[in-house]
Amino acid sequence: MDINEFQKWVKQYYQERNWSDLDIFVRIGFLAEETGEVARAIRALEIGRDRPDEIDGSFEENKDHLTEELGDVLGNLIVIANKYDITLEDIFRTHQQKLAKRYT
């Protein structure tokens, strides 16, 4: 699946569940929450679990968990982009141009 297809799929999937209709500030809260879960998943990969209520996993299990959490972040970013009719291709291109200009 290419990035455009994925962006369309997220749009349809979230619309079918009325998740796209949430206030943008609620959506940003979800993004922040998911970003925290990415941090926790990276911690598990890099230094392990340090709380007694957390279960140690193998490297592959922890990597799979990180992959899932990154997907949750990406889903929220796509919903925000869709709200403002911004394609992921536009985001990629703009980011690339910004960095090229800044560091060239």
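The values are calculated or read from the model by the stated rules, or taken from the named source; none is laboratory data. Computed from a predicted structure; not experimentally measured. So basically every Cβ, Gly included, is an ideal-geometry build from the backbone, and we count neighbours across all protein chains shown. For accessibility, only protein heavy atoms count, side chains too; no ligands or nucleic acids. Shrake-Rupley method; radii C 1.70, N 1.55, O 1.52, S 1.80 Å.
Here TYR13 meets each of (1) open to solvent by 80 Å² or more (accessible area, probe 1.4 Å); (2) under 17 Å from ASP72 (Cα atoms) with one exception, condition (1).
Exactly one residue among GLU33, GLU60 is over 20 Å from TYR14 (Cα atoms) and either assigned to a helix (DSSP H, G or I) or among the aliphatic types (A, V, I, L, M) (or both), and that residue is GLU60.
Select from the range 16-51 the residues that are open to solvent by less than 80 Å² (accessible area, probe 1.4 Å) and over 16 Å from the mean Cα position of the chain (by Cα) and list them in ascending order. If the condition is that a residue be open to solvent by less than 80 Å² (accessible area, probe 1.4 Å) and over 16 Å from the mean Cα position of the chain (by Cα), then LEU22, ARG43, ALA44, LEU45, GLY48, ARG49 are the ones that fit.
One residue stands out among those in the range 57-102 that are at pLDDT 95 or above and among the hydroxyl-bearing types (Ser, Thr, Tyr): the one that is least open to solvent (accessible area, probe 1.4 Å), which is THR87.
Checking each residue in the range 71-104 for being within 20 Å of GLN12 (Cα to Cα), hydroxyl-bearing (Ser, Thr, Tyr) and either free of Cβ contacts under 8 Å to residues at least 24 places away in the same chain or not in a loop (DSSP other than H, G, I, E, B) (or both) picks out only TYR84.
Checked against (1) assigned to a helix (DSSP H, G or I); (2) in contact with an Asp or Glu (Cβ under 8 Å, 6 or more places away or on another chain), GLU68 passes all but condition (2).
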